[in-house]
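The values are calculated or read from the model by the stated rules, or taken from the named source; none is laboratory data. Owing to the predicted nature of the structure, the values given are computational and were not obtained by experimental measurement. Glycine also receives a Cβ, built like all others from the backbone with ideal geometry; neighbour counts cover every protein chain displayed.
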Ligand SMILES: *Cc1c(COP(=O)(O)O)cnc(C)c1O
């Protein structure tokens with residue numbers, strides 16, 4: 001057994017004694033050889049554990065491990081995976097090292113309240129977390145010395161059940177630590193890393209866990225220690241679960257505890273990247289450190305500005321945390337330290353009045369203290385400049401310092417296994433390295449029959465998954481027959497399948513497609529041209545409006561008028577998302593413009609040859625090329641109701657005139673010759689541009705490089721294979 005091994009596990013056979021190490025490094029989840037190690041280890045368990053190798057190793061009988069240790073085919077996979085893993089962790093030759101040859105001991109810190117890396121680590125709610133997780137993975141692929149900082153959340157985000165009348169029920173499960181790919185973080189001195197954070201007049205202890213993702217390390221904070229009072233143990237138990245008071249304390253722990261955890265681990269970041277305002281208290285702790293070393297408030301603030309990067313993610317006001325000053329002041333009471341005499345000056349950095357009186361605003365704090373700020377699409381950058389105009393009273397609108405770095409997705413994580421095999425054949429075995437954007441042009445070489453074969457297979461694979469889930473629910477939970485039906489058991493494996501999966505909330509308009517039920521019914525039930533809709537997504541526990549939308553969609557799934565062609569898959573998570581973005585035929589996205597800052601699920605779909613049918617908001621305003629999907633454009637209207645009606649009409653018209661006819665126009669070989677060019681263009685245009693490969697490079701070039709140079713390190717511009725700027 002290796003020292004980083006799994007506790008409580010019998011010794012592994014010697015020949016495969018690094019299998020636990022592989023299971024504990026989530027790098028396995030996007031490396032095809034490493035994935036195959038665990039698929040092959042025991043395929044039934046692989047599926048039964050929803051791809052959790054840590055749990056698999058605990059459940060496998062020793063005899064089975066002995067057997068694979070003698071299986072040459074298994075050993076070949078195992079050896080290849082480890083041959084890839086070691087250089088991933090330690091190689092000094094990478095995209096990053098060509099630009100920043102020497103920065104020994106320095107790192108990039110990336111703070112986020114959630115990270116979506118794998119379903120076995122339930123510390124995420126949705127898009128924000130997926131972005132953070134995909135960045136960590138890409139950072140490893142590109143060789144960045146990235147250290148993520150977030151929360152452990154032993155109860156994670158809630159699990160969703162839907163009652164017979166469609167009302168969302170929330171339940172929290174306690175993480176089984178033995179099944180999670182985490183280990184205690186150990187300081188350079190060899191001790192388990194535990195730091196303290198002053199909260200009000202008390203001190204809370206924070207344990208630090210470590211997750212490995214190839215080169216990237218992720219540190220997760222957890223107050224669930226015996227030494228803490230019961231209420232303090234609960235502070236980091238759940239993601240977005242508490243009230244305002246819990247929230248402000250969580251954010252103090254993330255900001256102040258996060259900096260302390262990095263220090264305890266011996267880290268010395270050059271760049272401090274705040275993903276959303278939740279982590280903005282990082283600047284407080286850093287200024288305090290500097291002031292204690294003798295710098296002035298102004299000098300400390302200038303240094304923080306020079307080295308802080310901030311990404312803002314939403315134009316929806318409720319997406320930005322604000323607190324009453326008194327609440328912030330009282331919980332920070334013990335944090336002021338030497339900063340005490342500057343308390344007023346610090347609090348004013350967060351001062352913001354959005355019309356309902358001044359509050360302490362985490363986004364305002366981040367905007368005022370980060371030297372580089374970015375929004376997550378070009379459209380969103382414009383919206384952000386307007387939305388936060390009072391922060392830069394002097395600047396003309398186009399001078400307000402907000403960069404646009406459009407979001408992306410991590411290719412290795414989101415591409416379907418079967419489609420990856422086709423890419424291997426036609427794009428060349430090194431397509432995963434994405435060295436050359438032009439390689440995606442070779443998607444045009446994939447023969448129609450082969451491309452269609454994969455698309456059909458992926459749809460059937462999704463419907464198998466949906467049916468098995470419904471069967472399990474029925475068998476295990478004895479849900480009523482209606483719920484079995486609503487879960488998608490009547491879906492047709494050959495019908496045009498439209499997916500809609502994302503958080504249920506007002507601005508995403510989940511019910512838009514039901515605006516005219518009769519017209520929709522004609523589309524879904526057309527003879528020989530059936531169309532079906534698969535929905536999934538959670539509403540935030542406090543968002544009753546979102547729950548009502550969910551309930552209405554659920555009632556449509558139960559409505560005989562739609563004949564079983566509308567389904568709702570419950571408990572949307574990364575696992576469900578993989579099946580949906582890979583297995584549908586069309587990905588529907590109809591937010592109220594311009595409220596979708598970027599959106600990423602449509603990128604995942606397009607990468608898999610599932611064209612986007614979307615409002616021209618967020619990334620689609622840049623991504624739509626005319627032949628890679630469809631643009632829903634109802635035009636501009638003075639009021640919401642008129643906009644919604646026009647967008648719905650535009651959506652129906654696209655379905656009736658373009659989408660359904662192209663899908664069902666088959667030749668003698670039953671191939672949809674008009675459809676497949678759209679599939680190819682979706683892949684070809686999205687894969688080189690809307691991935692974390694392009695995005696992380698832009699972060700480095702536009703956002704990190706100035707801080708790196710200002711710290712006295714050499715940063716060399718990329719030449720040659722420049723990333724394509726969208
Ligand atoms: C990609 C993803 C999201 C984000 O979807 P959007 O379309 O950007 O809202 C949310 N949840 C999960 C599980 C995802 O995989």
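Kindly provide the set of residues from the range 424-438 that are in a helix (DSSP H, G or I), within 26 Å of the chain's Cα centre (by Cα) and touching a residue at least 12 places away in the same chain (Cβ under 8 Å), ordered by number.
Listed by number, the residues that qualify are 432, 437.
Kindly establish whether residue 542 is within 16 Å of the ligand (Cβ to nearest atom), within 22 Å of residue 159 (Cα to Cα) and free of Cβ contacts under 8 Å to residues at least 60 places away in the same chain.
No, not satisfied.
Identify all residues within the range 664-708 that are under 19 Å from residue 271 (Cβ atoms) and touching a strand residue (DSSP E or B) at 6+ places or on another chain (Cβ under 8 Å); write none if there are none.
Matches in the range 664-708: 692, 699, 702, 703, 704, 706, 707, 708.
Which is at negative phi and either touching a strand residue (DSSP E or B) at 6+ places or on another chain (Cβ under 9 Å) or more than 13 Å from the ligand (Cβ to nearest atom) (or both), of 574, 595, 580?
From the options 574, 595, 580, the qualifying one is 580.
With the condition kept exactly as written, say whether any residue in the range 517-527 is more than 16 Å from the ligand (Cβ to nearest atom), on the phi > 0 side of the Ramachandran plot and either at pLDDT 95 or above or assigned to a loop (DSSP other than H, G, I, E, B) (or both).
Checking the range 517-527: not a single residue is more than 16 Å from the ligand (Cβ to nearest atom), on the phi > 0 side of the Ramachandran plot and either at pLDDT 95 or above or assigned to a loop (DSSP other than H, G, I, E, B) (or both).
Please note which helices (runs of 4 or more DSSP H) are completely contained in the range 1-54 and include at least 1 residues that are in contact with a helix residue (DSSP H, G or I) (Cβ under 7 Å, 6 or more places away or on another chain) and at pLDDT below 95.
Answer list for the range 1-54: 32-41.
Can you name the residue in the range 381-401 that is surrounded by fewer than 22 Cβ atoms within 10 Å (Cβ to Cβ) and touching a strand residue (DSSP E or B) at 6+ places or on another chain (Cβ under 7 Å) and is also farthest from residue 618 (Cα to Cα) among such residues?
Among residues in the range 381-401 that are surrounded by fewer than 22 Cβ atoms within 10 Å (Cβ to Cβ) and touching a strand residue (DSSP E or B) at 6+ places or on another chain (Cβ under 7 Å), the one farthest from residue 618 (Cα to Cα) is 401.
Considering each of 127, 224, 200, 133 in turn, give the residue that is within 16 Å of the ligand (Cβ to nearest atom) and surrounded by fewer than 23 Cβ atoms within 10 Å (Cβ to Cβ).
Unique residue meeting the criteria: 127.
Out of curiosity, is residue 549 under 20 Å from the mean Cα position of the chain (by Cα), within 16 Å of the ligand (Cβ to nearest atom), outside any loop (DSSP other than H, G, I, E, B) and over 20 Å from residue 495 (Cβ atoms)?
Criteria not met by residue 549.
Could you tell me which of the residues 175, 131, 147 is in contact with a strand residue (DSSP E or B) (Cβ under 9 Å, 6 or more places away or on another chain) and assigned to a loop (DSSP other than H, G, I, E, B)?
It is 175.
Does residue 120 qualify as being closer than 25 Å to residue 278 by Cα, part of a loop (DSSP other than H, G, I, E, B) and either within 16 Å of the ligand (Cβ to nearest atom) or touching a helix residue (DSSP H, G or I) at 6+ places or on another chain (Cβ under 8 Å) (or both)?
yes
Just one of 657, 680 is surrounded by fewer than 16 Cβ atoms within 10 Å (Cβ to Cβ) and away from the ligand (no atom under 16 Å from the Cβ); which is it?
Answer to the check: 657.
Listed here are the residues, each with its yes/no results for (1) under 26 Å from residue 415 (Cβ atoms); (2) over 22 Å from the mean Cα position of the chain (by Cα).
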{"site": "28", "(1), (2)": "yes, no"}
{"site": "32", "(1), (2)": "yes, no"}
{"site": "46", "(1), (2)": "yes, yes"}
{"site": "68", "(1), (2)": "no, yes"}
{"site": "74", "(1), (2)": "yes, yes"}
{"site": "83", "(1), (2)": "yes, yes"}
{"site": "98", "(1), (2)": "yes, yes"}
{"site": "103", "(1), (2)": "no, yes"}
{"site": "112", "(1), (2)": "yes, no"}
